Amino acid sequence: MKGRINKLLEKARRKVQRLYKKYKEKYEFLKYKNHVKRTQKLNVGSGYTEFDESWFSCDKNILDISKKNSWSKLLGNLKVENIFAEHVWEHLTEEEASAANENCYSFLRRKGKLRIAVPDGFHPSKEYIEYVKPNGNGIGSEDHKILYNYQTLSFKLQEVGFEVYLLEYWDEKGNFHSKNWDIKDGKVKRSKQFDERNKNGKLNYTSLIVDAVKK
């Protein structure tokens, strides 16, 4: 009799745990949705690196940028003003990146902006390229799938309808190009201005940075 009661209690305990987990997840997602609705700004693939409260920062467990149903689950019919991704796209396969580009375009409002920063495949430093290339010697490079340059990234974004504006990049002749950009649309830490490795006028570490605007 005692054994039977213990089994029933254990069964009830597991059921309560499942219900708690289910409703906790629903509650968390409701908080996320309210935050996004309030901010209209997404910092995706952030690895929990927080911006200020004007942004909603999330990682793959909350939003898988390559899956449309993940976007729909978080945003529903909401269209956002800004999407920011610093050193995220290089971790996506070509198929995942194409899907992410389409999803970003779909869930941005008209004139909304996607700012992407990735390692720059035209950087003239051999040490830099070895550090950032797929399976290179840099931290995280074992998970890198694609090394973009300004041409390949621009083409992929234009393919889904974006107007692309180059903010910082190296060209194929080894010349560096940059223009002023506003951190309100996403502060890229690995950039000419903000990366501490750039000293004495030498650009040791920069990113290919683009703004992609929905027409």
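Take Gly121 and tell me if it is surrounded by 15 or more Cβ atoms within 10 Å (Cβ to Cβ), free of Cβ contacts under 8 Å to residues at least 24 places away in the same chain and not in a helix (DSSP H, G or I). So Gly121 does not fit the description; no. Every residue in the range 48-60 that is at pLDDT 90 or above and either touching a Cys at 6+ places or on another chain (Cβ under 9 Å) or assigned to a loop (DSSP other than H, G, I, E, B) (or both), please. Scanning the range 48-60 gives Trp55, Asp59, Lys60.
A quick yes/no check of all residues on (1) assigned to a strand (DSSP E or B); (2) surrounded by fewer than 20 Cβ atoms within 10 Å (Cβ to Cβ):
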| site | (1), (2) |
| --- | --- |
| Trp71 | no, no |
| Ile83 | yes, no |
| Ser98 | no, yes |
| Ile116 | yes, no |
| Asn137 | no, yes |
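With respect to the conditions (1) among the hydroxyl-bearing types (Ser, Thr, Tyr); (2) closer than 15 Å to Val118 by Cβ; (3) out of contact with any Pro (no Cβ under 9 Å at 6 or more places or on another chain), Ser207 falls short on a single one, namely (3). Among all residues of the range 152-168, there is none that is closer than 23 Å to Ser46 by Cβ, buried (at least 17 other Cβ atoms within 10 Å of the Cβ), among the small types (Gly, Ala, Ser) and in contact (Cβ under 8 Å) with a residue 40 or more places away in the chain. On the given criteria, is Lys111 on the phi > 0 side of the Ramachandran plot and touching a residue at least 40 places away in the same chain (Cβ under 8 Å)? Yes.
Restricting attention to the range 58-101, and to residues there that are over 14 Å from the mean Cα position of the chain (by Cα) and charged (D, E, K, R), which single residue is nearest to Ile183 (Cα to Cα)? Here the residue is Glu81.
The values are calculated or read from the model by the stated rules, or taken from the named source; none is laboratory data. It should be emphasised that the depicted structure is a prediction, and the values quoted were computed from it without experimental measurement. Heads up, the Cβs are rebuilt from the backbone with ideal geometry, glycines too, and the neighbour counts pull from every protein chain shown.
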